[in-house]
Amino acid sequence: MWPILWVPRSKPSRRRARRSSIAVAAPARIYTAFEVSRMAMEAAWLTAVQPFGLGAMGDGSAVLCVPGFGADDGSLSPLRSALEKHGYEPLGWKLGPNIATPSQFRRLCSQVVHEAEVREKPISLIGHSLGGLYARELARLHPTSVRCVVTLGSPLRYRAGDRTAVGVIPRHGLKLPGSGTPEGRRPRLKMPSLSIYSMSDGLVRPELCKAIEGPLSSNVEVVSSHLGLPFNSVALKHMLTFLDSSSRAPAATNRRRPRS
């Protein structure tokens, strides 16, 4: 067991279930109130258990980490450090704070394609919150450059009118990648993908974060705050297991042709 402020799951009422067909409400306030304190405990616990190892050593492949809305590479520094200690080559997105602009997304696409071309093989993507939406849409546009995708608390099923705890999406009207089409109607990813979510997420409702499961797509639930998902020790263990399995059984559609 690992220390964390436990909060009970909320069971949606029938009235809330009927309303969810129209719009998803913000998370329970008790989850939101303890976001920062829970994140601090999760980061401290990861520091304590990391020397003992959390998974198999990687194959040295590159993993690019995309931060959430308003965050920069510094927010995912503990995650990149953990990936490096487990044998991966972590990459930052190097685009400053994620302010959800089309130009940032285009530059991220160019960076991923370049990194894959330099290494002559696809790279893995890990995206936190909004960064996960970027990662999945990028994988759809450039499937030969992406080996696998991990999303952490990303509102994959967001629709106009759905709310987060801070109202970022509806209040600022961000134009998210692929947001004009429901996730169920979006093209399936051609590479393995893992969506990690928390029932006690204080910023995004868990039902928005679950991908449609299939042969290459899976969901995993952990107990975590939203902000702490990138350095939640259990989430990291699932990420390492997934990255390892993806390296041993890569999707055939992902393999890049070697340069002539």
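The values are calculated or read from the model by the stated rules, or taken from the named source; none is laboratory data. Everything quoted here is computed from the prediction, not taken from an experiment. Note that we place each Cβ from the backbone using ideal geometry, even for glycine, and neighbour counts take in every protein chain shown.
Could you check, for segment 93-103, whether at least one of its residues is in contact with a Lys or Arg (Cβ under 8 Å, 6 or more places away or on another chain), surrounded by 18 or more Cβ atoms within 10 Å (Cβ to Cβ) and modelled with pLDDT of 95 or more? Yes - at least one qualifying residue is present in segment 93-103. Would you mind stating whether residue 128 is buried (at least 18 other Cβ atoms within 10 Å of the Cβ) and either among the basic types (Lys, Arg) or modelled with pLDDT under 95 (or both)? It is false that residue 128 is buried (at least 18 other Cβ atoms within 10 Å of the Cβ) and either among the basic types (Lys, Arg) or modelled with pLDDT under 95 (or both).
Yes/no matrix, rows are residues, columns are (1) more than 26 Å from residue 117 (Cβ to Cβ); (2) modelled with pLDDT of 90 or more:
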position: 167; (1), (2): yes, no
position: 172; (1), (2): yes, no
position: 201; (1), (2): yes, yes
position: 209; (1), (2): yes, yes
position: 227; (1), (2): yes, yes
position: 232; (1), (2): yes, yes
position: 253; (1), (2): no, no
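Residue-by-condition table, conditions (1) in contact (Cβ under 8 Å) with a residue 24 or more places away in the chain; (2) of a type in the set (Ser, Thr, Tyr); (3) surrounded by 14 or more Cβ atoms within 10 Å (Cβ to Cβ):
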position: 45; (1), (2), (3): yes, no, yes
position: 53; (1), (2), (3): yes, no, no
position: 78; (1), (2), (3): yes, no, yes
position: 85; (1), (2), (3): yes, no, yes
position: 105; (1), (2), (3): yes, no, yes
position: 109; (1), (2), (3): yes, no, yes
position: 114; (1), (2), (3): no, no, no
position: 123; (1), (2), (3): yes, no, yes
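The rows are residues; the columns are (1) out of contact with any Gly (no Cβ under 7 Å at 6 or more places or on another chain); (2) in a helix (DSSP H, G or I); (3) closer than 17 Å to residue 222 by Cβ; (4) at pLDDT 90 or above.
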residue: 5; (1), (2), (3), (4): yes, no, yes, no
residue: 24; (1), (2), (3), (4): yes, no, no, no
residue: 47; (1), (2), (3), (4): yes, yes, no, no
residue: 87; (1), (2), (3), (4): no, no, no, yes
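Please verify whether residue 43 is assigned to a loop (DSSP other than H, G, I, E, B) and either more than 23 Å from residue 155 (Cα to Cα) or within 19 Å of the chain's Cα centre (by Cα) (or both), treating the condition exactly as stated. Against the criterion (assigned to a loop (DSSP other than H, G, I, E, B) and either more than 23 Å from residue 155 (Cα to Cα) or within 19 Å of the chain's Cα centre (by Cα) (or both)), residue 43 does not qualify.
Comparison of 76, 64, 54 shows that the only residue that is at pLDDT 90 or above, outside any helix (DSSP H, G or I), closer than 24 Å to residue 92 by Cα and under 19 Å from the mean Cα position of the chain (by Cα) is 64.
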